[in-house]
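The values are calculated or read from the model by the stated rules, or taken from the named source; none is laboratory data. Given the structure is predicted, the values throughout are model-derived calculations rather than measurements. In this analysis, Cβ positions are derived from the backbone assuming ideal geometry, glycine residues included, and neighbour counts consider all displayed protein chains.
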């Protein structure tokens, strides 16, 4: 792949902080007609988040489920 991407997650309180303090700029890069599904460039500082799915397809929550399920059974 020439370009990678990732999916970030945050929790309620940090998300509110993000909106108020951390977003420095927002720009639509491609497909503006898609609205929120467009490709966006968002510049943030001190962003309180973690990577849920990385550019290799690794899923944070799937990893937790795989390790936790045997313990629960």
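When the residues of region 45-70 are filtered to those that are under 29 Å from residue 19 (Cβ atoms), without any contact (Cβ under 8 Å) to a residue 12 or more places away in the chain and part of a helix (DSSP H, G or I), the one that is nearest to the chain's Cα centre (by Cα) is 61. For region 34-64, which positions are out of contact with any helix residue (DSSP H, G or I) (no Cβ under 6 Å at 6 or more places or on another chain), surrounded by 11 or more Cβ atoms within 10 Å (Cβ to Cβ) and either modelled with pLDDT under 85 or over 24 Å from residue 3 (Cα atoms) (or both)? Hit for region 34-64 is 49, nothing else.
Sub-9 Å Cβ pairs linking a first residue in region 1-12 that is part of a loop (DSSP other than H, G, I, E, B) to a second residue that is loosely packed, with under 10 Cβ neighbours inside 10 Å, at least 6 apart or interchain, are 4/56, ordered by first then second residue.
For region 16-33, a residue qualifies if it is assigned to a helix (DSSP H, G or I) and either in contact (Cβ under 8 Å) with a residue 24 or more places away in the chain or under 18 Å from residue 3 (Cβ atoms) (or both), and the qualifying residues are 17, 18, 21, 22. Restricting attention to region 9-30 and to residues that are out of contact with any strand residue (DSSP E or B) (no Cβ under 6 Å at 6 or more places or on another chain) and surrounded by fewer than 13 Cβ atoms within 10 Å (Cβ to Cβ), the residue that is nearest to residue 62 (Cα to Cα) turns out to be 11.
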